[in-house]
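To start, the structure itself, in structure tokens.
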Amino acid sequence: MVQVFRLAYVHFGSQNPEALLQYYQDVIGLTVTHRDAQHAYVSTSIDHHNIVVSEAPESGLIGFGLQLSPGISVAEAAQTLNANGIATSVKADAFQGIPELAEFMDMDGYVVHLFSEMEVAAPGFNSRGIRPNKVGHLSLRVNDAKKSVEFYKQFGFFNTDWIEDFFGFMTCNRDHHVLNFATSDYKAMHHLALELRDYSHLVSAMDHLGSHNIPILWGPSRHGAGHNIATYHRDPDGNMIELFTDADVFIPELGIFEPRPWHEHFPQKPRVWGTDECITRWGTSFEQSLV
């Protein structure tokens, strides 16, 4: 098995990369660490990059990068995947800040990078903007969520929750979810989630969005699966961005989540949720549908 431990970055193609970069700098409060003829690299705090932006004929998600657990080399990961019938190539210096990576395409055509080392390039958190802790999770529209969940188990992901049988949540660490998959009739990112520090940070973030005339699509409210307090808006390219806090913490050794007073069960275990009970635990309603 090829073990990974975090979602390190996402790669967007954009018809208007300058507008998207301005959003990530002025609104989200990230730092551009490097630009070349092909890519712009943006960091939340110290990584060389957590967002990559490239000019493209169509705007949207191209792929994402997962960091390999210590002791697993890029070459070993590529050899394992090729042996399992997943065509994987090893590339040197394909992305700035990453000496070597293994690249493959998953079953839905998303480009996935596996890497061991990333340069520390940014000076820390910015002094302006929302300034999230990190890229928290990535949600993808796929042909069959059940098949995608099974596919990503080979990288050490656990399946933590389901919304009925069409929306699967997975983690490779202690976060409730790092990737999730929604069965859809088209391929696209569902949303990218940025983790904030607490509820007061979320409120100030929404004030900041308002000052930039960016409307809130949905929230704030507490979800069921993950129990995160979440709100959603769109970036200049129309990508849906979640800002969240207070998400569940998974204990894989026990197969449960750390107890919280708002949990429905004690212990709270991975389960299948109904759509209505999962979307909001506060009983609030919003015009924008999330699933």
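Please treat every number below as a calculation from the coordinates, not as lab data. Keep in mind the model is a prediction, meaning the values are calculated, not measured. Ideal geometry is used to build each Cβ from the backbone, glycine not excepted, and the neighbour counts take in all protein chains shown.
Observations, loosely collected:
- Extension reserve of the Glu76-Glu164 stretch, reckoned as 0.36 nm per residue once the Cα distance is removed: 28.0 nm
- Spatial separation of Cα centroids for region 24-56 and region 57-134, in angstrom: 15
- Loop-resident sites, region 133-229, for GluC sites (Glu not before Pro), counting at most 16 other Cβ within 10 Å (DSSP): Glu164
- Potential lengthening between Trp262 and His212 on full extension [0.36 nm per residue; Cα-Cα distance subtracted]: 14.7 nm
- Checking every one of the trypsin sites (Lys or Arg not before Pro) in region 63-152 against DSSP loop status and a limit of 14 other Cβ atoms within 10 Å picks out Arg128.
- Seen from all directions on average, the chain presents a Cα convex hull projection of 14.7 nm².
- Calculation over all alpha carbon pairs of region 247-291 in 5 angstrom steps from 0 returns a P(r) of 5, 18, 24, 22, 15, 11, 4, 1 percent.
- Modelled FRET efficiency - R0 41 Å, Trp282 with Glu150, Cβ distances, 0.05 increments: 0.80
- Separation of the Asp198 and Glu55 label points, Cα + 7 Å toward Cβ, nm: 4.5
- Applying the criteria of a DSSP loop state and at most 13 other Cβ atoms within 10 Å to the GluC sites (Glu not before Pro) of region 4-70 yields Glu58.
- In order along region 264-278, the Karplus-derived 3J(HN,Hα) couplings, from 6.51 cos²θ - 1.76 cosθ + 1.60 at θ = phi - 60°, round to 7, 9, 10, x, 7, 10, x, 8, 9, 9, x, 4, 5, 6, 7 Hz, and Gly and Pro are given as x.
- Whole-number D in µm² s⁻¹ for region 134-279, Kirkwood Cα-pair radius fed into Stokes-Einstein, 10 °C, 1.306 mPa s: 101
- All Cα-Cα distances of region 4-115, cut into 10 Å bins from zero to the largest, leave 14, 45, 31, 10, 0 percent in each bin in turn.
- Estimated at 0.36 nm per residue, the fully extended path between Glu117 and Lys187 surpasses their Cα-Cα distance by 22.3 nm.
- Label-to-label distance, Gln3 versus Val291, with points set 7 angstrom from Cα along the beta-carbon direction: 3.0 nm.
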